[in-house]
Every structure is written in structure tokens, then in C-alpha cells.
Amino acid sequence: MNSNYRVVDPYPMYVRKARGSRLWDVDGNEYVDFNMAFGALVAGHSHPVLAKAMRDRVSNGTIFGYESVDAGRLADHLCQRFHMDRLKFSMTGLDATLFAVRLARAVTGRRRILKFEGCYHGSHDSLMVSIKPRKELSGDPKHPNVVPSSRGLLKELVETAIVAPFNDIDATESLALVHRDDVAGIILEPVPMNMGYVQPEAGFLEGVRAVADEVGAILIFDEVKTCGKWYGGAEEAFHVTPDVKVLGKAIGGGFPLAAVGGKASILDQVIPGQISHAGTFNANPLSISAGLVTLTKILTRAGVRHAQRMGNDLAKGYADVIGDHRLPMKVQAGGISGTIHFARHIVRDWRSFEEVDVGRWWGYYTAMLNRGVIPMATGADEQWTTSVAHTHADVARHLDAFEKVAEGMKEKQADMSIVEAI
Ligand SMILES: Cc1ncc(COP(=O)(O)O)c(C=O)c1O
């Protein structure tokens, strides 16, 4: 396995090909796909417009070792669409959030990064803490312990993290104030999508904005997932503006592309000899062309609206079936994504996510696969993604499979716990 997130019992999926909303495994089974590469494929698999553009691109050079004209065009589009002054391209969410953290530390001259329990920002050392901490290690819910999410992390680095509970602004503020002169950045997924889908409660994002201002920290929205859920990302949905945004996944249409953007006063400090930003494949023509075509020709306002309609229909259908069968599950959804939490109560943070019945989720997921539907990305902490390629018939097939699975839901049980899959 090349990403621990793909590990699932009884065996991981091996795939031969995919097109539109469909995917075929090595045994030739066809699935309607609502994983969509963990949200990277809002444009669908191999969209014909993108496929043609990429064939042209490959014939005219795939990497130059110099900047390309299209990189500027795409940067302009992204800055306009996501309301940013300046932007730097990276390849993956991992290297973009790594750079955003360095930027916050460099600009403020401080060390500490405040993150939220249960949020994931890519597999790099500064932020690999308290992603899925075990109950016995995580401590006081208002003042969570900083729990390393992997072996091999330097203690000195782990100790620079501050971990706060999502949706609890008072606790967040008091934690930030303890280290007020040493908080370089506050980073969060504006909608945590590594605990399924967790709605930020009214005033929480505004509160975090105010806390960042109070302590003089750079506010970073990790929009690696959320940037693809609304046309203009989370700011369009929640009207809160951070200092720095990290974009990834959906903007590349299935090619590796990420970006860090924000205020000119911050980004303009990135110059040689001052703040390092480097990468042989940064803004490579393949990824740039993919991004440009995807965002200007496929994920247009109309395209995103279609995907959202499919997502809304799916969420409503789930809520209806769950209500009809009186199942102990809760739906949370927005934009083009959503999840069912296998819990009696609404999940609002990591501690409430711990109530999720992972064994029952696994039973549901496996039963859906057996009916030809990949219902969501792999893991009880993930969500579904609808794309421009999904149709009403795809959504109906998904809900029809769930209706059948729901009938036997009580038997779909296994003794499993949340695994630190990272
Ligand atoms: C919110 C968030 N940030 C960052 C990342 C890391 O992105 P990548 O897998 O492209 O490195 C992910 C990946 O799922 C993510 O969900």
C-alpha cells in the first residue's frame, strides 16, 4: 500500500480503470464511485475535455524547468475565485501545508502552531499530532494532550504544537492565550473532513479569526478538501477570511496540484534568501494545464452547482432512509460532500467522533461495495463526493443500495475500533 489511508479489511481495492462516475476493479466489477479519490475528482474520472487537453499538453512538453505562461493564468483565476492577493503552487496538500506552517513561523518569528484535535493536514512532522488520538492518551477535552500520530517524530517538534477542541471557542482562546507571544499560526479545516463532515457551529470560525488577531498569529485555512466543495471554497459558505489559504485536491482535476495563497503582505516575503519555497515539479505544465482546464471549463459555477445538487439529493435521501428505519445515525452534509456518522449524537468535535461505531460503518461500507456502490471514501472519518459526472440515476442507485443495506443494518456489526491510519 502506498498510502496508509487505502488500507481496509478484508483487503484493499485494486483498480484497473475509471471513467465519469464509474470505476472497475481488477476482477472487472463495476462500481458507481462516490469516493472520487478522497475528493480530488469533482471533475469526475477522465473528463473528456480534460483528457483531450492533457493529450495536447503531453505532446508539447511536460516539464520545462522554467515558469510557464499558463501558471500565471491559473494563479490569476485562483486568486480571483478564492479571494487571495498572491499565490504559490505546490504539488500536494502535504507540501502546501508544510510551506504554510513555515511561512507563519517565518513571518511572525514565533514557533508554535495551534491545530485542532481530529483535523488532518497532510503527513508531515509539524502537524502530525492529535489526528486520531486514542481516548486513553488524549486527556482533558478542554485542554487536550498533544499526541504524536506516528513514531519517528522529534519530541522537540511535537512540543511546539498546541491542540484545541474544534467548535469550542472559549477553550481555543484560553489555550492560545497561554502561549500568546509564541503562537505563529492557527491552522484548521474550516469544515473538518477528517472526522466525516463536521459543521462549524455559528460564530466558531469568526471566533477563531478573532483569537488569531488577538494573539497576532497567522490564520491558515486548510482548504485542501473544502476548496472543491463550493465554487469559491469555504469563504463562500462561511464568510470568514483567513490570512492564508491552502488549496489542493479538486483544483487539479485528478493531477497533483496544490497552492498556498493569501495576503500580499505575507506572500511577498517569500523571496530567495528569506523564506524558502522550492520544488522541481512545482507548477509543472501538466498539473497547471489540468488545473486551468478543470477550473475554467469543468468546475464552472454551473458545473459545481450540478455536483452540489447531486450531493444535496444524496444527503436528503440518506436522512429519509435513516428516519424510516430509525437507525442510530446522523447525516451532516454541505457543498458536494457529506457523511453519515454511525452515532446517536451529532458529531461536533473529536471527542464526539469517538462515539462513532466503526464496526457498523465497516459493515455498511462492505455491504455497499457488494452492491456495486462505493458509498464514500475509505474510512468512517471520510465523506462522499459527488462530481459533475454524477447523475440522478447514480444517486438513485446509491440510495437504493442503502435502502437494502439499511434493512439488515443491525446485523452489520464487527468489533472494530478507530485506527490511527496515518
Ligand atoms: C484537510 C487536508 N489537508 C491536507 C491533506 C493532505 O493532502 P495530500 O494527501 O495531497 O498530501 C489532506 C488529505 O486528505 C486533507 O484532507
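Go through Gly273, Gly303, Gly232 for me and flag whichever is part of a helix (DSSP H, G or I) and more than 15 Å from Ala100 (Cβ to Cβ). Can you show your working first?
Details: Gly273 fails: part of a helix (DSSP H, G or I); Gly232 fails: part of a helix (DSSP H, G or I).
Of the residues listed, the single one that is part of a helix (DSSP H, G or I) and more than 15 Å from Ala100 (Cβ to Cβ) is Gly303.
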Scanning segment 206-242 residue by residue, those surrounded by 24 or more Cβ atoms within 10 Å (Cβ to Cβ) and acidic (Asp, Glu) turn out to be Asp222, Glu223
Within segment 55-78, the count of residues that are in contact with a helix residue (DSSP H, G or I) (Cβ under 9 Å, 6 or more places away or on another chain) and not in a helix (DSSP H, G or I) comes to 6
For segment 371-391, check the following and say yes or no: at least one residue is surrounded by fewer than 24 Cβ atoms within 10 Å (Cβ to Cβ) and free of Cβ contacts under 8 Å to residues at least 12 places away in the same chain.
no
Checked segment 188-205 for anything among the acidic types (Asp, Glu) and either more than 12 Å from the ligand (Cβ to nearest atom) or surrounded by fewer than 24 Cβ atoms within 10 Å (Cβ to Cβ) (or both); matches are Glu201
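Provide a single number: the residues in segment 301-326 that are polar (S, T, N, Q) and in contact (Cβ under 8 Å) with a residue 24 or more places away in the chain. Talk me through it step by step, then tell me what you get.
Start the filter on segment 301-326 by keeping residues that are polar (S, T, N, Q), which leaves 308, 312.
Now drop any that are not in contact (Cβ under 8 Å) with a residue 24 or more places away in the chain, which leaves 308.
Final tally of qualifying residues: 1.
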The residue from Leu94, Leu87 that alone is assigned by TED's automatic domain parsing to the domain that holds Leu247, away from the ligand (no atom under 16 Å from the Cβ) and under 18 Å from Pro256 (Cβ atoms) is Leu87
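Just to check your reading of the model, which residue among Glu136, Glu206, Glu156, Glu214 is among the charged types (D, E, K, R), closer than 27 Å to Glu355 by Cβ and in the same structural domain as Arg111 (by TED's automatic domain parsing)?
Details: Glu206 fails: closer than 27 Å to Glu355 by Cβ; Glu156 fails: closer than 27 Å to Glu355 by Cβ; Glu214 fails: closer than 27 Å to Glu355 by Cβ.
Of Glu136, Glu206, Glu156, Glu214, the one residue that is among the charged types (D, E, K, R), closer than 27 Å to Glu355 by Cβ and in the same structural domain as Arg111 (by TED's automatic domain parsing) is Glu136.
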Checked pairs for segment 223-240, first closer than 13 Å to Pro192 by Cβ and of a type in the set (Gly, Ala, Ser), second at pLDDT 95 or above and within 15 Å of the ligand (Cβ to nearest atom), C-beta under 7 Å and 6 or more apart or across chains, list as Ala234/Pro190; Ala234/Val191; Ala234/Phe221; Ala234/Glu223; Ala234/Thr226
Problem set entry | Yes/no for Met13 being touching a helix residue (DSSP H, G or I) at 6+ places or on another chain (Cβ under 9 Å) and not assigned by TED's automatic domain parsing to the domain that holds Asn370 | no
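The values are calculated or read from the model by the stated rules, or taken from the named source; none is laboratory data. Computed from a predicted structure; not experimentally measured. All Cβ positions, glycine included, derive from the backbone under ideal geometry; neighbour counts span all protein chains shown.
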